[in-house]
Amino acid sequence: MMLPQRLHKLFTPLIQPLLAVLIGLLAGAIAISFVGEPVFETYKAMWEGAFGNFYFLTSTLARATPILLVGLGVALAFRAGVFNLGSEGQMVLGAVSAALAALCIPGPPVVKLLAAIVAGMLAGGLWALLAGWMESRFKVQLLISTLLLNYVAVLFASYLVAGPFQDKTGSAALAQTPMIDQGAWLPKLFPGMSVHMGFVIAIVCAVVLIVILKYTAPGYEVKMLGLNPFFAQYGGVNKVKLLLLSMFFSGALAGLAGSVEVLGSQYRYVDGALTAPGFAWTGMMAALLANSNPLGTVVTAILLAALETGAMGMERNTEVPLEVASVIQAVLILFISAKLTLKLVKFRRKEREVHGTV
Amino acid sequence: MAHRLEMRNMTKRYGEFTANDNICISLDQGEVLAIVGENGAGKTTLMRMLYGLEQPSSGEIILNGKKVSFSGPQEAISRGIGMVHQHFMLFYDFTVAENIVIGHEPKKYGFFRRKAADEAVQKLAEQFKIGVNTAKKAGDCSIGEQQRIEILKVLYQGADIIILDEPTAVLTPFEVDGLLKTIRFLADQGKSIILITHKLREVMKVADRVTVLRNGKVTGSVHTSETNADKLAQLMVGRQLQKLNERDSISGDILLEAKGITIGQKGEKPELDRVSLTVRHGEILGVAGVSGNGQSQLIQAITGLRAVQEGSVRLKGQDLTEENVLARRKAGISHIPEDRYLWGAAKDATVEETALMGSQRNPKYSEKSFIRKASFRTRVKDWISRFEIKTSSLQEKAGNLSGGNLQKLIVARELDFHAPLLIAAEPTRGVDIGAMEYIHEALLEKRNSGDGILLISSELSEILALSDKIAVMYEGRIAGILDRSEATEETLSVLMAGGKQHDATAKTS
Ligand SMILES: Nc1ncnc2c1ncn2[C@@H]1O[C@H](COP(=O)(O)OP(=O)(O)OP(=O)(O)O)[C@@H](O)[C@H]1O
Ligand SMILES: [Mg+2]
């Protein structure tokens with residue numbers, strides 16, 4: 001009796017996102033038949049591209065790594081009742097700080113590596129904290145400030161690597177930092193495969209987050225703050241402090257995403273290498289699709305990464321254009337926005353009708 | 001003659017739980033039907049089905065001889081069924097008239113005709129003798145006025161059957177009388193009314209018939225002319241109600257001392273104006289007053305939810321003025337909030353999570369900030385049995401509890417802190433008479449054990465029954481403080497309406 005119930009509880013948060021993905025795939029199928037290609041073959045190619053063999057599987061996991069970390073950060077903020085739309089900026093600042101720390105801090109490679117990770121998390125966290133502080137101090141809406149701070153962060157990072165910290169060794173002057181010492185790299189999990197230690201770090205973060213939210217007092221307070229801030233305050237929760245803390249850790253996770261990407265796969269900060277693939281936005285999608293459930297976010301992050309790697313495989317092996325993946329993503333975004341709108345409407349109504357019927 | 005409305009064999013199941021079990025009720029034209037019953041008996045559920053907010057598991061609704069079913073409130077409204085929500089869904093920036101016509105505005109060439117709206121509302125108000133000021137902003141209206149707006153809105157939408165779910169819970173005695181008169185008048189005009197309430201005096205005064213529910217079933221249906229409040233009470237709780245226990249006379253040291261508390265925006269009339277009061281150990285200080293005269297601000301100032309501009313709050317001599325909510329809770333203040341859904345709970349949290357608030361960092365229930373759920377659960381289970389809180393499990397959503405059951409959960413939680421000072425705001429709002437008795441007993445017991453209680457209530461009978469001293473608030477000030485022996489409904493009413501203390505006492509002596 002006990003076990004099925006537990007399993008049931010574990011899987012209910014997954015039903016909705018999986019359903020959304022299914023609907024997305026259906027829409028994609030329509031698009032594929034629209035361009036006159038066989039649906040089954042195409043999806044098979046996509047599946048192969050994402051999970052077909054060990055190499056593809058590990059590439060998918062590598063791609064999922066930053067998405068998952070960003071997603072966990074967004075999920076944490078959302079649980080506390082705030083929107084962190086600034087993951088991109090936090091991730092980029094984290095990445096550039098990690099790269100610079102690894103390059104500049106003296107000492108043995110392990111120290112460099114650890115320092116880089118800490119610097120990346122700190123940079124992302126503080127950047128998010130700035131937005132939180134502006135809200136608590138000057139009532140600047142987080143929704144807007146986090147979004148705008150993205151531009152500041154991304155442009156600042158571009159400046160750093162195109163100017164003072166540019167790699168001058170190569171022949172072409174690319175906007176990137178020099179390469180980090182090999183000793184300070186995050187090791188690959190399997191030789192020749194792209195998935196690196198960062199994936200393990202991300203999974204550990206997910207587990208830690210689950211445990212914190214579910215079993216600890218701060219996790220409980222974050223949850224109550226998200227569900228009803230008045231109730232939390234009434235019970236003695238320090239709203240401002242907890243919000244700032246949540247923002248900090250949310251940003252730190254995004255910063256960590258940038259750091260492991262630098263330390264585990266690019267080995268330097270390359271301008272645009274994190275923004276072009278849209279890791280941050282996909283991560284945000286993963287969190288929202290999973291209703292901010294950390295376990296759900298693990299699943300959705302891998303699914304969304306698979307969608308992207310699979311689409312590449314599909315393009316290699318069929319005539320279907322890469323854009324079909326965008327159709328599927330678009331449907332998912334529609335799904336999320338519908339859900340969010342509903343939530344917002346409900347939230348608004350709650351403000352007015354505090355009691356409802358008794 | 002056929003009934004105007006019949007609900008036959010209505011059953012509503014939530015999973016395994018049956019909230020309504022084969023309930024049959026009928027309602028005639030011009031009739032006031034009261035539905036009473038203990039918390040969680042299924043009254044609200046039955047009404048939600050009638051209003052289309054909930055789909056019955058089985059059963060049928062017969063309206064004017066025809067079988068109907070509603071997939072949403074809009075359909076119920078179009079068939080002449082209206083519901084006055086207990087908390088009001090008004091647009092505070094709109095005028096009273098606009099709020100009433102909203103959704104069915106008089107229009108010409110697609111433009112809103114403000115004057116026509118005003119006139120229509122004016123006429124309606126006169127027709128049904130409901131006093132409102134149509135040009136006022138809804139946000140400036142008192143609770144009583146807001147309720148009248150809601151009733152007019154329902155009438156404007158053409159309702160013949162009007163559902164009122166605990167409409168008097170938030171009103172002052174004076175407003176209650178007005179509402180009861182309105183209800184009677186509406187019935188005389190041919191409207192049919194369903195009134196849910198826990199107050200048997202109201203039932204006896206206004207209803208033609210009473211239907212009693214218990215555990216989702218109808219246990220009796222009587223004409224008010226053939227019964228009385230005591231018999232009804234017995235029908236509801238299945239036993240005789242007890243008189244309150246004797247109070248020992250204790251005069252302890254000062255526990256809470258609030259001095260000159262002022263809250264307000266600069267340049268505006270302060271919401272709280274130099275309020276001073278003391279609560280001693282072993283004393284219940286009642287705070288009476290029409291709601292909206294500064295009681296909420298007083299509670300928030302003492303509990304630390306709102307900063308004060310001037311004044312100080314001391315507990316057992318310790319200055320708490322600059323401390324936050326947590327520090328004050330630790331110093332010994334617990335708090336039953338006036339609004340259970342705003343402050344007291346999170347609707348989407350579970351019963352267990354709602355119960356945990358305030359104990360999450362108590363070393364007894366958490367170890368290195370890991371919450372010890374198992375030991376906490378035994379405590380909650382104890383509350384559930386002591387207060388007879390009906391819930392399917394500890395994992396039930398708090399918002400799914402019936403209003404009274406959630407209230408009992410919150411009361412149990414705050415009492416169990418055993419804090420020296422309890423701030424009890426509307427502690428029995430929405431609970432049935434059995435539970436009210438139990439909560440009153442518990443409050444007295446706490447007082448007799450030497451703790452102090454600040455009791456804020458719009459229910460004068462509650463204030464009079466429990467308090468050792470009574471402070472009356474009017475327009476953000478303390479209008480007077482009376483001793484238990486000199487306080488009567490009359491003296492308090494004079495002060496509540498802005499009279500002077502010596503008027504109040506002179507009139508009665
Ligand atoms: N959505 C729901 N899911 C599960 N159980 C529910 C739901 N709504 C109501 N219940 C349960 O149904 C029972 C009846 O609730 P209802 O609100 O009708 O009681 P009530 O008679 O109005 O009580 P009160 O006097 O406290 O307002 C309660 O035990 C409640 O927990
Ligand atoms: Mg009810």
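See the values below:
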{"item": "B:S392 in a helix (DSSP H, G or I) and open to solvent by 30 Å² or more (accessible area, probe 1.4 Å)", "result": "no"}
{"item": "Test: B:V176 is away from ligand 2 (no atom under 16 Å from the Cβ) and either part of a helix (DSSP H, G or I) or at pLDDT below 85 (or both)", "result": "yes"}
{"item": "Test result for A:V237, buried (at least 19 other Cβ atoms within 10 Å of the Cβ), at the interface with chain B (Cβ under 9 Å from one of its Cβ atoms) and β-branched (V, I, T)", "result": "yes"}
{"item": "Tally of residues being within 16 Å of ligand 2 (Cβ to nearest atom), away from chain A (no Cβ under 14 Å) and surrounded by fewer than 22 Cβ atoms within 10 Å (Cβ to Cβ) across segment B:34-78", "result": "0"}
{"item": "Segment B:182-206: number of residues that are away from every other protein chain (no Cβ under 14 Å) and either within 16 Å of ligand 2 (Cβ to nearest atom) or open to solvent by 10 Å² or more (accessible area, probe 1.4 Å) (or both)", "result": "13"}
{"item": "Selected residue [open to solvent by 10 Å² or more (accessible area, probe 1.4 Å) and either of a type in the set (D, E, K, R) or not in a helix (DSSP H, G or I) (or both)] from B:E414, B:E490", "result": "B:E490"}
{"item": "Residue in segment B:431-449 that is open to solvent by 10 Å² or more (accessible area, probe 1.4 Å), at negative phi and in contact with a strand residue (DSSP E or B) (Cβ under 7 Å, 6 or more places away or on another chain) present", "result": "yes"}
{"item": "Whichever residue in segment B:183-199 is part of a loop (DSSP other than H, G, I, E, B) and away from ligand 1 (no atom under 16 Å from the Cβ) and, among such residues, is nearest to the chain's Cα centre (by Cα)", "result": "B:K191"}
{"item": "Matching residues in segment B:354-373 - criterion: being open to solvent by 10 Å² or more (accessible area, probe 1.4 Å) and more than 7 Å from chain A (Cβ to nearest Cβ)", "result": "B:N362, B:P363, B:K364, B:Y365, B:E367, B:K368, B:R372, B:K373"}
{"item": "Complete set of residues in segment B:130-150 that are more than 17 Å from the chain's Cα centre (by Cα) and either at pLDDT below 85 or assigned to a loop (DSSP other than H, G, I, E, B) (or both)", "result": "B:I130, B:G131, B:V132, B:N133, B:T134, B:A135, B:K136, B:K137, B:A138, B:G139, B:D140, B:C141"}
{"item": "Candidate set from segment B:398-413 (those that are at pLDDT 95 or above, of a type outside the set (A, V, I, L, M) and more than 7 Å from ligand 1 (Cβ to nearest atom)); member that is farthest from B:I196 (Cα to Cα)", "result": "B:R413"}
{"item": "Flag for B:G344 being within 10 Å of chain A (Cβ to nearest Cβ) and under 21 Å from B:V431 (Cα atoms)", "result": "yes"}
{"item": "Every pair of residues 6+ apart whose Cβ atoms lie under 7 Å, when the first sits in segment B:40-52 and is free of Cβ contacts under 8 Å to residues at least 24 places away in the same chain while the second is more than 8 Å from ligand 2 (Cβ to nearest atom) and open to solvent by 10 Å² or more (accessible area, probe 1.4 Å)", "result": "B:R48/B:E54"}
{"item": "Among the candidates B:V351, B:V308, residue that is more than 10 Å from every other protein chain (Cβ to nearest Cβ), modelled with pLDDT of 95 or more and farther than 15 Å from A:Q233 by Cα", "result": "B:V351"}
{"item": "Residue identified as over 21 Å from the mean Cα position of the chain (by Cα) and at pLDDT 85 or above among A:G356, A:G313", "result": "A:G313"}
{"item": "Selected residue [within 11 Å of another protein chain (Cβ to nearest Cβ) and either within 30 Å of A:G183 (Cα to Cα) or open to solvent by less than 50 Å² (accessible area, probe 1.4 Å) (or both)] from A:A217, A:A257, A:A206", "result": "A:A217"}
{"item": "Filter pass, B:D319 being of a type outside the set (G, A, S), more than 14 Å from every other protein chain (Cβ to nearest Cβ) and farther than 29 Å from B:I143 by Cα", "result": "yes"}
{"item": "Failed criterion for B:I62 (all others in (1) away from ligand 1 (no atom under 16 Å from the Cβ); (2) free of Cβ contacts under 8 Å to residues at least 60 places away in the same chain; (3) part of a helix (DSSP H, G or I); (4) of a type outside the set (D, E) hold)", "result": "(3)"}
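The values are calculated or read from the model by the stated rules, or taken from the named source; none is laboratory data. As the structure is a prediction and not an experimental result, all values here were calculated from the model. Heads up, the Cβs are rebuilt from the backbone with ideal geometry, glycines too, and the neighbour counts pull from every protein chain shown. The area values use the complete protein model at the heavy-atom level, side chains included, leaving out ligands, DNA and RNA. Shrake-Rupley method; radii C 1.70, N 1.55, O 1.52, S 1.80 Å.
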